[in-house]
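Chemist: Before I ask anything, let me first share the structure, which is written out below as structure tokens.
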């Protein structure tokens, strides 16, 4: 049994409402949230997503 959500996505692709394309793993910004990355890749993906570090003066 194929989930209804899957069929909905297929319909959206067929109607050109959504474009699906391959993104190589070394360019996946989502990896920042799902994988332990080397610092340079972490920085690259963090900047791409617009995430910044905030420095705090308090110690918790």
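The values are calculated or read from the model by the stated rules, or taken from the named source; none is laboratory data. Just so it is clear, the structure is predicted and the values come from calculations on it, not from any experiment. So basically every Cβ, Gly included, is an ideal-geometry build from the backbone, and we count neighbours across all protein chains shown.
Chemist: May I ask you to list the residues in the stretch 1-34 that are assigned to a loop (DSSP other than H, G, I, E, B), at pLDDT below 90 and surrounded by 10 or more Cβ atoms within 10 Å (Cβ to Cβ)?
Modeler: Across the stretch 1-34, the qualifying residues are 28, 29, 30.
Chemist: A further question follows. Residue check, residue 59 against (1) more than 19 Å from the chain's Cα centre (by Cα); (2) part of a loop (DSSP other than H, G, I, E, B); (3) at pLDDT 90 or above, all met but one. Which one?
Modeler: (3)
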